[in-house]
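The values are calculated or read from the model by the stated rules, or taken from the named source; none is laboratory data. Worth saying up front: this structure is predicted, and the values here are computed from it rather than measured. Note that each Cβ is placed from the backbone with ideal geometry, even for glycine, and that neighbours are counted across all protein chains shown.
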Amino acid sequence: MDNIKNILVSLELEGQSYEVGEMVRDNRTIYFRYYADFLKSGLNISPIKLPFNSEINTAGLEPFDGLYGVFNDSLPDGWGRLLLDRTLASKGVNIQSLTPLDRLSYVGDHGMGALIYKPKFDEDVVLSSEIELDMIAQEMSYILKGSDSDIIEELFTLGGSSGGARPKIFVGYNNLTNELMHGHQRLSEGFEDWIIKFQSSPDPKEIANIEYAYHKMALKAGLEMSDCKLFSGRSGQTYFGTKRFDRIKEKRIHMHTASGLMHDNFRMSTMDYGHLMDCAFQLEKHVNAYKKILRLAAFNVFAHNRDDHSKNFSFLMDAKGHWSFAPVYDLTFSNSAYGFHSTMVAGESKNPGRKHLLELGKHFGIKKPELILEEVQEAVSLWDSIAKECGVSQSTNRTIEKAINEVNKNE
């Protein structure tokens, strides 16, 4: 295939369509220019790093291979990138020759958030009429092991634009009938957009129950999350599902990760929760933004969620151009590659504790930050009972409880 030289970017925001601008690739440099008519809308899709003007702008090669962060957010990583590469390789495409614009053309209109890319490569894939979670999980395990799958194109259609390391699919879910349908299709009446996650190679078998328990614990800690539930396959195996916050009744919401907003390479991040607080305040223009981030930082510290990198924080923009911190997601018991927190707390990443969280809160002028920390710690102290309620095994329960107790001793 010939490499894509230019991409047209559009925005499908809450049912309204806009032609945003155009990207052009010359050698390894990618240039972007907003259309004059879109500038009149006032919808600044990336207010920190992408200049909102009529000039021809370039982001530089790092950290996103020449893309501005808002467009890099549309690209799949982890599982989604693996699926794309395996699918294209099965068709004889040289993966090494793909450019960022090529990859965006494969995203097309299937990406997270509200951005759409043209030209798009779109092939009809015959989908099975039924979504059988156990069968999908088995096929995903083949791919993770490097083996072939008979339904790789179907898996790509179901979840090839997703981010994160764990395999996942996009589905429509009807809460009243407990039915699932393929999420890329027009949803039938009563169905809503959901994501269902599957076990990755390093994950414990009960990862779904653990994440569901963390969801329950996060709600008690005062964090805002989308609806979540446990789905079951025919074997009784459980799978964690969450309602998509970038879709409301099939209408798209513009979504931008902290990584993309601040051009932070989440794999080699130097980000602190203080940077996230500053970013949230710039976008929300209200001091309550500081409190939201402190509460999330406290939860991730006290609940031992150390995979708290900059792609796991997002912001949403509505049709009026108003920004808000997105519902929190990807909360679970975890370690990062070296056991440190991916995002620092007042400069500390190895063993952040209460004193670092208080320092962070006081630096941003939060009154009585200790009250927020106490509320979060109270919720985390309920881990044992929540874990039992959510079907976490006794041995896993004890392992996590021990780690949580160690963290909460760290003042």
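Is it true that residue 102 is of a type in the set (Asp, Glu), surrounded by fewer than 14 Cβ atoms within 10 Å (Cβ to Cβ) and either under 27 Å from residue 197 (Cα atoms) or free of Cβ contacts under 8 Å to residues at least 24 places away in the same chain (or both)?
When the stated conditions are applied, residue 102 does not pass them.
Would you be able to tell me the number of residues in the stretch 344-357 that are assigned to a helix (DSSP H, G or I) and either surrounded by fewer than 16 Cβ atoms within 10 Å (Cβ to Cβ) or in contact (Cβ under 8 Å) with a residue 60 or more places away in the chain (or both)?
2
I'm trying to understand the selection: among the residues of the stretch 358-402, which are under 28 Å from the mean Cα position of the chain (by Cα), among the aliphatic types (A, V, I, L, M) and surrounded by fewer than 16 Cβ atoms within 10 Å (Cβ to Cβ)?
382
A quick yes/no check of all residues on (1) at pLDDT below 95; (2) in contact with a Ser or Thr (Cβ under 6 Å, 6 or more places away or on another chain); (3) among the aromatic types (Phe, Trp, Tyr); (4) in a helix (DSSP H, G or I):
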| residue | (1), (2), (3), (4) |
| --- | --- |
| 294 | no, no, no, yes |
| 315 | no, no, yes, no |
| 319 | no, no, no, no |
| 338 | yes, no, yes, no |
| 342 | yes, yes, no, no |
| 366 | no, no, no, no |
| 373 | no, no, no, yes |
| 385 | no, no, no, yes |
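Among the listed residues 349, 336, 314, 324, which satisfies the condition of being under 19 Å from the mean Cα position of the chain (by Cα), of a type in the set (Gly, Ala, Ser) and closer than 23 Å to residue 403 by Cα?
Criteria check complete, one pass: 336.
Name the single residue that is surrounded by the most Cβ atoms within 10 Å (Cβ to Cβ) among those in the stretch 264-299 being aromatic (Phe, Trp, Tyr) and closer than 30 Å to residue 66 by Cα.
Among residues in the stretch 264-299 that are aromatic (Phe, Trp, Tyr) and closer than 30 Å to residue 66 by Cα, the one surrounded by the most Cβ atoms within 10 Å (Cβ to Cβ) is 273.
What are the residue pairs meeting all of these: first residue in the stretch 216-241, first residue over 15 Å from residue 206 (Cβ atoms), second residue among the small types (Gly, Ala, Ser), Cβ atoms under 7 Å, and 6 or more apart or on different chains?
Note: pairs meeting the criteria are 217/303; 217/379; 220/379; 221/379; 225/218; 228/241; 229/241.
If you check 251, 243, which single one turns out to be at pLDDT 95 or above and among the charged types (D, E, K, R)?
243
For the stretch 4-12, does any single residue satisfy the condition of being under 23 Å from the mean Cα position of the chain (by Cα), farther than 26 Å from residue 94 by Cβ, aliphatic (A, V, I, L, M) and not in a loop (DSSP other than H, G, I, E, B)?
yes
Take the conditions under 19 Å from the mean Cα position of the chain (by Cα) and either in a loop (DSSP other than H, G, I, E, B) or modelled with pLDDT under 95 (or both) and apply them to residue 222. Does it pass?
no
Take the stretch 32-78 and flag every residue that is out of contact with any Lys or Arg (no Cβ under 7 Å at 6 or more places or on another chain), in a helix (DSSP H, G or I) and either crowded, with 18+ Cβ neighbours inside 10 Å or hydrophobic (A, V, I, L, M, F, W, C) (or both).
Hits for the stretch 32-78 are 36, 38, 39, 70, 71, 72.
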